[in-house]
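So the structure is just underneath, and the comments pick up after that.
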Amino acid sequence: MYSHSRASLTVLTRAARRLARALRPGDLVLLLGPLGSGKTTFVRAVAEALRVSDPVRSPSFTLANIYRGDLIVRHLDLYRLETLADDDALALEEYRDDRAVTLVEWPEVGAERLGDPSWLVRLEHVSLLERAIEILAMDDAARTRWEAAGG
Ligand SMILES: Nc1ncnc2c1ncn2[C@@H]1O[C@H](COP(=O)(O)OP(=O)(O)O)[C@@H](O)[C@H]1O
Ligand SMILES: [Mg+2]
């Protein structure tokens with residue numbers, strides 16, 4: 001629904017700010033794209049738009065970071081999930097939280113256990129400083145909020 005084929009960091013940040021305006025507690029955002037495509041950068045821009053003051057870094061040793069801004073923002077990175085003990089992987093259901101917005105990097109393994117996503121964000125390298133970005137609202141409510149969130 002939203003796409004930009006050569007997004008600079010500025011354009012990507014603007015898209016992240018628009019998504020931040022459209023997010024509501026309970027939303028699940030899956031971020032797809034290879035290493036270095038800008039997933040963490042996008043989460044950081046969403047968090048900053050929600051007035052999170054803590055630094056946003058990939059949660060590499062824990063499964064999830066939690067930040068507080070205008071909303072509670074949870075940042076998951078499932079990259080290591082395959083190598084985690086089964087107990088940890090099974091505990092993923094416990095990461096559901098209707099009071100927070102949850103953004104997930106590397107959702108390919110296990111994110112289905114977090115519930116149905118409201119948003120998909122796809123990122124691809126185009127050049128050193130440009131990324132292809134696509135933001136898909138997965139239901140009517142999300143689509144309406146995206147439109148209301150403006151340009
Ligand atoms: N247009 C752009 N959009 C996003 N990131 C960009 C862009 N141009 C350069 N970058 C840089 O690319 C890197 C993306 O890294 P990161 O966000 O950690 O990716 P990922 O989490 O997908 O591995 C950052 O160093 C960022 O500054
Ligand atoms: Mg990352």
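When region 107-151 is filtered for residues that are within 15 Å of ligand 1 (Cβ to nearest atom), crowded, with 20+ Cβ neighbours inside 10 Å and assigned to a loop (DSSP other than H, G, I, E, B), only Pro107 remains.
Residues in region 22-40 that are within 16 Å of ligand 2 (Cβ to nearest atom) and buried (at least 17 other Cβ atoms within 10 Å of the Cβ): Val29, Leu30, Leu31, Leu32, Gly33, Ser37, Gly38, Lys39, Thr40. In region 61-79 there is no residue matching the filter, namely being in a helix (DSSP H, G or I) and either surrounded by 14 or more Cβ atoms within 10 Å (Cβ to Cβ) or away from ligand 1 (no atom under 16 Å from the Cβ) (or both).
Computed from the coordinates by the stated procedures, all read-outs in this text should not be read as laboratory data. Not measured: the values here are computed from a predicted model. Neighbour counts are summed over all protein chains in view; Cβ atoms, including those assigned to glycine, are modelled from backbone coordinates with ideal geometry.
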